[in-house]
Amino acid sequence: MDFLREIDEAADVIKSGGLCAFPTETVYGLGADAFNPSAVKRIYEAKGRPSDNPCIVHISDISQLDDLASEVPKQARLLADAFWPGPLTIILPKSEKIPRETSGGLPTVAIRFPSHPVARLLIERCKTPVAAPSANASGKPSTTKASHVAYDMDGKIEVILDAGPSEYGLESTIITFYGETRILRPGSVTKSAIEAVIGPVAEGKPDGHNPPEAPGMKYTHYSPLADVIIIGGSMEAAAAEIVTRVKASGGKTGVFCSDQTLPYYSELKDSAVLSAGDRDKPETIAASLFSLLRRFDFLGTETVYAETFYGTEIGESVMNRLLKAAGNNIIYRNKN
Ligand code: TXA
Ligand code: MG
């Protein structure tokens with residue numbers, strides 16, 4: 001079937017209250033009509049997601065911003081102009097049109113205009129904004145391939161649009177304009193790129209509880225079935241430590257490494273040693289991060305030893321996800 005017809009049929013599914021997984025430039029999303037409360041409820045059921053964890057509302061034209069937000073500060077508009085369409089989500093006070101199911105009961109709404117041509121066309125054809133979290137089962141690594149979605153959502157959703165692997169592999173950067181301007185989730189639109197447009201912004205957890213951090217951040221995230229243990233230090237020191245631990249380990253082990261460090265593990269014949277990419281191009285590590293975590297599960301790995309990827313802004317964002325996958329289990333962080 002031709003792809004345009006497939007997109008039209010997927011739009012019909014969303015318009016009639018169904019669920020459609022679709023590609024974006026970050027990760028695959030699980031979409032429903034953002035204005036239809038019962039359709040959005042089905043997203044939560046399919047994912048097993050707590051209902052206080054709001055969905056990002058996806059648009060296909062900047063003009064929709066004013067329909068969804070009750071107020072759009074100048075700085076938010078500057079960011080929209082600079083980075084949309086693209087991997088940035090902007091949180092603003094919500095308009096009356098957003099049902100509580102979509103906003104998780106918060107007074108705000110998260111809005112994103114994705115750049116992926118299939119996502120853009122789908123949203124356009126839906127003629128309604130599309131509420132969409134990442135298309136993984138709640139708590140599992142995000143989905144960067146249609147096959148990941150099929151695995152997690154089998155029998156629970158009407159359509160999966162497959163457009164190959166996601167380009168960025170990290171979910172969008174989230175910035176809030178509710179209360180103090182703050183980056184709630186780092187991503188491929190970096191803090192320094194944002195600051196080049198609007199000046200200094202805060203990042204990470206707020207000291208108090210107002211505004212709250214992204215509700216989703218308090219739940220277990222990106223957890224493969226395997227235990228993930230992160231080993232810090234220089235490339236050589238980390239690799240030596242990982243080799244020692246793998247040799248001493250009884251069960252099925254895996255190593256999450258890089259092209260540069262792959263040779264250090266040549267003696268580990270029985271371990272799944274997988275490179276996430278080139279350390280000099282951290283975007284390659286980001287692009288394969290979730291896919292690799294899922295691959296270890298597919299191989300039946302019980303313990304994954306992962307290197308660290310600090311040193312660049314994208315590397316920091318990779319570590320933000322990897323630390324969650326590991327339940328913050330990091331060893332030797334400051335040692336060389
Ligand atoms: O790249 C992405 O952002 C992908 C693609 C599909 O667009 N979507 C995505 O959605 O990652 P999700 O639901 O997996 O992550 C969105 C995060 C959650 O932690 C959620 O709690 C937070 O954004 N969030 C959504 N609306 C919010 C709001 N109004 N205030 C604070 N945090 C919000
Ligand atoms: Mg998610």
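If you filter region 99-115 down to residues that are more than 9 Å from ligand 1 (Cβ to nearest atom) and out of contact with any helix residue (DSSP H, G or I) (no Cβ under 6 Å at 6 or more places or on another chain), you find that the one that is nearest to Asp61 (Cα to Cα) is Phe113. Would you please name the residue that is nearest to Lys140 (Cα to Cα), looking only at residues in region 288-313 that are open to solvent by 30 Å² or more (accessible area, probe 1.4 Å) and of a type in the set (A, V, I, L, M, F, W, C)? Once the filter is applied, the top-ranked residue is Phe298. The set of residues from region 166-190 being within 16 Å of ligand 2 (Cβ to nearest atom), open to solvent by 20 Å² or more (accessible area, probe 1.4 Å) and among the charged types (D, E, K, R) comprises just one member, Arg185. Listed by first and then second residue, the pairs linking a residue in region 106-124 that is under 19 Å from Thr173 (Cβ atoms) and at pLDDT 95 or above to a residue that is open to solvent by less than 10 Å² (accessible area, probe 1.4 Å) and among the aromatic types (Phe, Trp, Tyr), with Cβ atoms under 6 Å apart and 6 or more places separating them unless they lie on different chains, are Ala119/Phe22. Applying the condition of being assigned to a loop (DSSP other than H, G, I, E, B) and small (Gly, Ala, Ser) to region 2-25 and asking which residue is surrounded by the most Cβ atoms within 10 Å (Cβ to Cβ) yields Gly18.
For region 85-112: of the residues being in contact with a strand residue (DSSP E or B) (Cβ under 7 Å, 6 or more places away or on another chain) and farther than 22 Å from Pro50 by Cα, which is surrounded by the fewest Cβ atoms within 10 Å (Cβ to Cβ)? Once the filter is applied, the top-ranked residue is Ser95. Among the residues of region 26-48, those that are open to solvent by 10 Å² or more (accessible area, probe 1.4 Å) and away from ligand 2 (no atom under 15 Å from the Cβ) comprise Asp33, Phe35, Asn36, Pro37, Ser38, Lys41, Arg42, Glu45.
Checking the structure you have, find out if any residue of region 182-196 is part of a loop (DSSP other than H, G, I, E, B), within 10 Å of ligand 1 (Cβ to nearest atom) and under 19 Å from the mean Cα position of the chain (by Cα). Yes. Kindly check whether there is at least one residue in region 31-41 that is out of contact with any His (no Cβ under 8 Å at 6 or more places or on another chain) and assigned to a strand (DSSP E or B). Among the residues of region 31-41, at least one is out of contact with any His (no Cβ under 8 Å at 6 or more places or on another chain) and assigned to a strand (DSSP E or B), which makes the answer yes. For region 208-218, the count of residues that are outside any loop (DSSP other than H, G, I, E, B), within 30 Å of Asp270 (Cβ to Cβ) and either within 11 Å of ligand 1 (Cβ to nearest atom) or out of contact with any helix residue (DSSP H, G or I) (no Cβ under 7 Å at 6 or more places or on another chain) (or both) is zero.
The values are calculated or read from the model by the stated rules, or taken from the named source; none is laboratory data. Computed from a prediction, not measured in an experiment: that's the story for all the values here. Neighbour counts are summed over all protein chains in view; Cβ atoms, including those assigned to glycine, are modelled from backbone coordinates with ideal geometry. Just the protein is used for accessible areas: all its heavy atoms, side chains included, with ligands, DNA and RNA removed. Shrake-Rupley method; radii C 1.70, N 1.55, O 1.52, S 1.80 Å.
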